[in-house]
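Written below as structure tokens is the structure these notes are about.
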Amino acid sequence: MLKHSLQFKLSQKLSPQQIQLMKLIQLPTQAFEQRLKEEMNENPALEGGKEEDEFADEYEKEEFDDYEEDEYEHIDAEDINIDEYLSNDETPEYKLQANNYSDDDEERETPLVAPVTFHQDLINQLNTFILTDEDRDIAEFLVGSIDDMGYIRRTVADIVDDLAFTQGIYTDEENVLRILHVVHELEPAGVGARDLQECLLLQLKHKTPTEYVDLAINIIENQFEQFSKKHYDKLLQKYGVSQEQLKKAVEEIEKLNPKPGGAFAGNNKIVEHVVPDFTIRIVEGELELLLNGRNAPELHVSKDYQDMLRTYKDSRDKSNNQKDAVQFIKQKLDSAKWFIDAIKQRQETLFVTMNAIMHYQQEFFLDGDETKLRPMILKDIAEMVDLDISTISRVANSKYVDTPYGTKLIKEFFSEAMKNDQGEDVSTLEIKKILQNIIEDEDKKKPLPDDQLADILKEKGYPIARRTVAKYREQLEIPVARMRKKI
């Protein structure tokens with residue numbers, strides 16, 4: 001037992017190179033390209049493009065599993081076999097044939113226009129108002145107090161104090177409220193509100209007055225709590241209007257934006273464009289998998305470094321300086337060879353993993369019906385491709401695949417299994433999709449509570465508890481029945 005435990009412990013120890021390989025596997029396409037640039041900048045022995053010289057590296061025979069970082073600190077240059085680094089093999093075999101980008105593809109850059117920030121846009125609007133210098137300073141301070149969602153979250157009393165302490169402006173709450181009304185005239189409507197109720201009121205008062213807008217204003221102003229809880233029966237009784245009239249008023253409210261600054265919030269954030277790492281196509285009824293060609297760069301060992309080793313080999317007088325230089329060259333060549341090998345392993349790992357997932361979920365990929373997604377856990381794929389579960393996890397958690405039904409994160413295809421009433425394993429994804437369909441088709445005047453949803457699922461052959469329904473509904477970001485109610 002002790003021997004078995006010791007062997008297991010030793011098997012879990014990873015070399016620095018294995019750790020680096022795991023990190024490479026985890027990188028999505030864009031991050032991998034950045035890592036490639038860094039490696040080429042740091043290692044002059046690694047070059048891009050095809051090898052033009054008749055000599056190329058013959059490192060395929062080398063094994064690097066036992067490589068240690070300090071391996072070369074005590075190398076005797078006389079023992080170096082220069083022939084290891086010289087070869088007539090012109091093309092390294094590290095590229096996969098799967099490639100959906102050609103060398104002729106152009107990377108066109110779109111000119112960027114510096115956007116006007118949310119707060120600067122509000123300041124620009126203030127310039128159209130005739131204000132005294134002090135009023136303008138107060139108005140600009142108020143604009144500066146607006147958060148990215150468009151709200152002023154601080155009390156007027158606090159703002160009065162801050163104006164005095166930080167701006168040297170001594171005023172009172174009445175005057176600040178007067179200037180706040182100016183801020184409330186800015187676009188988008190609702191900006192500068194201190195809470196949701198005021199935000200909705202400001203937007204409604206910007207609308208052209210109609211019977212339904214007036215009713216909506218009255219509801220938000222005087223019956224906001226009843227409205228937010230969707231107690232429509234109480235509103236009908238309170239205002240003595242028809243159900244159709246209340247419906248029209250509620251529709252006016254539902255058109256409003258509860259976060260008026262939200263449209264600008266993204267201006268200060270970096271939006272990352274997702275580049276699919278794989279593409280799945282349907283060709284004559286068969287699935288075809290392509291690995292993004294940007295993951296298969298052409299690399300080779302520097303010709304200059306090979307020439308330096310060749311010169312050292314032919315030299316009769318091997319000085320200490322030359323020996324030191326050849327140790328440095330050998331380190332760089334080994335590093336370049338390892339990186340090329342690692343890229344090959346990365347490509348093969350990505351391809352075989354996604355290929356296994358594609359075949360495991362073949363029914364889904366052929367027609368896009370999410371109810372056909374099979375239960376699938378990391379262990380299922382790990383056993384199919386004979387790789388560690390952690391490796392499958394690294395691929396699934398960080399990679400995207402472009403399918404005929406949209407670009408999807410690979411980990412979305414994984415799910416636990418549950419038993420249906422026939423004792424068969426079904427995917428939790430399948431149950432969630434059916435639950436979503438039931439809720440979409442429900443009568444919105446009488447939305448279904450979780451216990452009734454559980455009963456319907458049971459009738460369809462999926463016996464799950466009410467608390468499980470609630471959990472799935474929350475994961476789907478679907479509100480409770482009361483909040484789904486419509487008039």
Checklist entry - Can you give the accessible area of Glu47, probe radius 1.4 Å, in Å² rounded to 10? => result 60 Å²
Checklist outcome for this item: Cα extents of segment 173-298 per principal axis, largest first, Å, are 71, 43, 25
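Identify the trypsin sites (Lys or Arg not before Pro) of segment 332-376 meeting these criteria: DSSP loop state and at most 12 other C-beta atoms within 10 Å of the C-beta.
Working: sites: Lys332, Lys337, Lys344, Arg346, Lys372; in loops: none.
For trypsin sites (Lys or Arg not before Pro) across segment 332-376 that sit outside H, G, I, E and B with at most 12 neighbouring Cβ atoms in 10 Å, the list is empty.
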Checklist entry - What net charge do the residues around Leu453 carry, taking every other residue with its C-beta under 9 Å from that of Leu453, with Lys and Arg at +1 and Asp and Glu at -1? => result -2
Checklist entry - What is the total of Lys pairs in segment 191-251 with C-alpha atoms under 20 Å apart, excluding same-chain pairs fewer than 8 positions apart? => result 14
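Taking 2.2 N^0.38 Å as the expected size of a compact globular protein, what ratio does the Cα radius of gyration of segment 194-252 give against it, to two decimals?
1.04
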Next on the checklist: Considering the Cα positions of segment 397-436, please state its Rg to one decimal place and its Dmax as a whole number of Å.
Outcome noted: 12.6, 36
Checklist outcome for this item: Largest-first ranking of Asp386, Asp369, Asp172 by accessible area, probe 1.4 Å, whole protein assembly kept, is Asp386, Asp172, Asp369
Next on the checklist: Output needed: percent of Cα pairs per 10 Å distance bin for segment 326-371, bins running from 0 to the one holding the longest distance.
Outcome noted: 24, 26, 19, 15, 10, 5, 0
Checklist outcome for this item: log10 I(q)/I(0) for segment 323-445, Debye formula on C-alpha points only (no solvent), q = 0.13, 0.15, 0.23 Å⁻¹, two decimals, reads -0.65, -0.78, -1.33
Next on the checklist: At 1.002 mPa s and 20 °C, plugging the Kirkwood radius over alpha-carbon pairs of segment 412-472 into Stokes-Einstein gives what diffusion coefficient in µm²/s?
Outcome noted: 180 µm²/s
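The values are calculated or read from the model by the stated rules, or taken from the named source; none is laboratory data. Quick caveat, the model's predicted, so the values are computed rather than measured. Please note: Cβ atoms are built from the backbone with ideal geometry, for glycine as well, and neighbour counts cover all protein chains shown. Remember, those area values only see protein heavy atoms, side chains included, never the ligands or the DNA or RNA. Shrake-Rupley method; radii C 1.70, N 1.55, O 1.52, S 1.80 Å.
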